[in-house]
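For reference, the structure discussed in these notes is given below.
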Amino acid sequence: MKNIQSIRGMHDILPEHSPLWRWLEQQVSSTFAAYDFHEIRVPVLEKTEVFTRAIGQATDVVEKEMYTFEDRNGDSLSLRPEGTAGVVRSAIQHGLLHTPGLKVWYQGPMFRHERPQKGRQRQFHQFGAEVFGMDAAAADVELIALGERIWRRLGLERGIRLEINTLGDREDRQRYRQRLVDYLLPVRDELDEDSQRRLDTNPLRIFDSKHDRTREIMANAPRLIDEIGPEAREHFEEVCDMLDRLGIDYSVNPGLVRGLDYYCRTVFEWITDDLGAQGTVCAGGRYNDLVEMQGGKPTPGIGFAMGIERLLALLEAASVEKSQFPHVFVVTRVPPAEMLTVAERLREEVPGLRVAAAVGGGSMKAQFKRADRSGARYCVILGEAEYQTGQAAIKDLRTERGEQEMVNLDALGSRLQALIAGEGAD
């Protein structure tokens, strides 16, 4: 019988990789906490309308990429292709928007049916942050500063650059859309096929084209930033001024439009050149109309999402390793129940101590081989005679001499704790 394989573009996270995932999650979650963000967890499956209202019917996500199906009740459901729409739905449903200043973050899998490639999978994972009820430019800048601090905490700040733009307000975009269409209609036949389709549905997305001739045409297109009204312009100037004051480097990219319909005013992307074509590691912007589009009262909002797999690729390229080997491996000549008693006592006495034990038995030679393969620094040896006198041996597996130190069982936990603290082990 043929083995069942995972779905194309949906990957297992194996034990050898999970320590780096956990480390990344810990670094990012603690940074969110430093900015007074609180975690929210929403379902991966929502009514399709949650996404079509927010993202827009004329986007690639809705037209081509969503996993959508009818359940047994005939309701149209979709796996979430992004996180913001579900968070907004939850915030409205549970009355979280009554007090301005809600700041939440999330993490988890997203799903899009597209061609798998490096940095782009059908099941991918994101961190996201959302701020509701604050229209001030300072909210935009704090969110960007949060992203900057994450890069510094991960040691990735030198390889990631920030691009920003403003999309103005709804009226600005409607006015600009007509100018852009008027510019493109005479050269429509020179655009790539996708861009010709977008000209009728979502012309701003043509800026995202990778087609060489289309990019040449768009380089001379009218710029949205030249069309925005005074309020949106003042907002963007405040954002730039505060970024300058904070010393956060950025460049203004007039062609940065973002792919979803709900964005307005400030939009931004953090980009790297180290991941090939999939160089955007974090992207977001303001969405002052989205809550109302989802049926809530008018509420300003801003947020971002960052791709976990892409961050992991950058960390691996930077040789960041966070393997979590056991601190201690217990080998024994005493009965298994006695060995387990010692292992449990060590875990109880030293919180966070990672203890492996030779629960499968075997000769001492075989147990020592397993201890060495485990990556543990120290081996606790429970010999029959020593154990009867209340003692165990500690052996350093990572030194050539491999000397043993006899320790009373009552002091075993504290001695291991001191040894591990002295070497700066995790």
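The values are calculated or read from the model by the stated rules, or taken from the named source; none is laboratory data. This is a predicted model, so every value here is computed, not measured. No Cβ is skipped: glycine too gets one built from the backbone with ideal geometry, and neighbour counts run over all protein chains shown.
Numbers for the structure displayed
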item: Within region 8-19, tally of residues that are surrounded by 10 or more Cβ atoms within 10 Å (Cβ to Cβ) and either part of a loop (DSSP other than H, G, I, E, B) or modelled with pLDDT under 85 (or both); result: 6
item: Residue selected from region 266-302 under the condition surrounded by 24 or more Cβ atoms within 10 Å (Cβ to Cβ) and more than 29 Å from A313 (Cα to Cα), by the criterion farthest from the chain's Cα centre (by Cα); result: L290
item: Cβ pairs under 6 Å, 6+ apart, first in region 403-426 and at pLDDT 85 or above, second assigned to a helix (DSSP H, G or I); result: V407/R415; G413/L346; G413/E349
item: Top-ranked residue of region 75-126 - restricted to ones that are small (G, A, S) and touching a helix residue (DSSP H, G or I) at 6+ places or on another chain (Cβ under 8 Å), ranked as farthest from Y35 (Cα to Cα); result: S76
item: Criterion violated by F236 - all others in (1) crowded, with 17+ Cβ neighbours inside 10 Å; (2) within 26 Å of the chain's Cα centre (by Cα) satisfied; result: (2)
item: Verdict on T201 being crowded, with 17+ Cβ neighbours inside 10 Å, among the polar types (S, T, N, Q) and over 18 Å from F32 (Cβ atoms); result: no
item: Those residues of region 373-424 which are in a loop (DSSP other than H, G, I, E, B) and in contact with a Phe, Trp or Tyr (Cβ under 9 Å, 6 or more places away or on another chain), in sequence order; result: G375, A376, R377, L397, R398
item: Where a residue in region 369-381 is of a type in the set (D, E) and its partner, wherever it lies, is at pLDDT below 90, with Cβ under 9 Å and at least six apart; result: D372/L397
item: Cβ pairs under 7 Å, 6+ apart, first in region 12-41 and closer than 15 Å to K322 by Cα, second among the charged types (D, E, K, R) and part of a helix (DSSP H, G or I); result: Q27/R153
item: Count - residues of region 369-392 that are more than 40 Å from the chain's Cα centre (by Cα) and either surrounded by fewer than 16 Cβ atoms within 10 Å (Cβ to Cβ) or under 27 Å from P15 (Cα atoms) (or both); result: 6
item: S209, sole failed condition from (1) at pLDDT 80 or above; (2) more than 14 Å from L167 (Cβ to Cβ); (3) not charged (D, E, K, R); result: (1)
